[in-house]
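A short write-up of the structure that comes next.
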Amino acid sequence: RALLLDNYSGTWNNRAASCKALERYEETIQSLNQVIAMEPQYADAYTNRGIAWYQLKQYKKAIENYDSAIAINATNPVVYYNKGVCLNEIKKYHAAIDNYDQAIAIKPNYVDAYSNRGIVFHILKKYEKAIGDYNSAIAITPDKADFYFNRAVSFCDLRKYQLSIDDYKKAIALRLDY
């Protein structure tokens, strides 16, 4: 005998995950709308819907969903990180930094938060702070070429050319396509 699962949020959530894996983000959002209608306090549904909106380049809608997730559960560093990414996309750099700060406060070894905050500091021409964040990222994950490349750019902008060259060499050694 068949089970009726139309009102089961887990089924909708699993459908959303499958749609997301297939990069069918509108369907992901529709499924998560069903989950949220059934379980309005399910923070991960808002987070995942925010991710889908981000993929559709609807950054303000993504941010609204991340805010809803934070209102329910303010302890998930990924939500602050994702919100920071969206704020960076819409050039709200100081707010992006605040969100990366929150992510790092919750998870001190959040390497991507350090890296992205470093990128924002670089955009704001705060090169020393950018280098500090790239140093933190490198201390956590020393084999990622992007961190050395980004730090090299900041060193170059500070006219610390030898340090820049050294980091470019390290980035190339780690990833030959640099």
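The values are calculated or read from the model by the stated rules, or taken from the named source; none is laboratory data. Owing to the predicted nature of the structure, the values given are computational and were not obtained by experimental measurement. Counting neighbours? That spans all protein chains shown, and the Cβs are built from the backbone with ideal geometry, glycine included. Heads up: the accessible areas ignore ligands, DNA and RNA and are worked out on the full protein's heavy atoms, side chains in. Shrake-Rupley method; radii C 1.70, N 1.55, O 1.52, S 1.80 Å.
For residues in the range 150-172 being under 16 Å from residue 123 (Cβ atoms) and among the polar types (S, T, N, Q), which is least open to solvent (accessible area, probe 1.4 Å)? Here the residue is 154. Using beta carbons and a limit of 7 Å, which pairs, at least six apart or on different chains, have the first residue in the range 114-134 and farther than 15 Å from residue 84 by Cβ and the second one surrounded by fewer than 20 Cβ atoms within 10 Å (Cβ to Cβ) and modelled with pLDDT of 95 or more? Sorted first by the residue in the range 114-134, then by its partner, the pairs are 127/157; 127/158.
Of all residues in the range 116-166, those that are in a loop (DSSP other than H, G, I, E, B) and of a type in the set (Lys, Arg) total 5. Listed by first and then second residue, the pairs with beta-carbon distance under 7 Å, at least 6 apart or on different chains, first residue in the range 52-66 and closer than 21 Å to residue 18 by Cα and in a helix (DSSP H, G or I), second open to solvent by 60 Å² or more (accessible area, probe 1.4 Å) and of a type outside the set (Val, Ile, Thr), are 52/20; 53/61; 62/54.
Please work out if residue 143 is open to solvent by 80 Å² or more (accessible area, probe 1.4 Å) and without any contact (Cβ under 8 Å) to a residue 12 or more places away in the chain. No; evaluated as a whole, the condition is false for this residue.
Residues in the range 83-115 that are under 15 Å from residue 59 (Cβ atoms), in contact with a helix residue (DSSP H, G or I) (Cβ under 6 Å, 6 or more places away or on another chain) and part of a helix (DSSP H, G or I): 10 in all.
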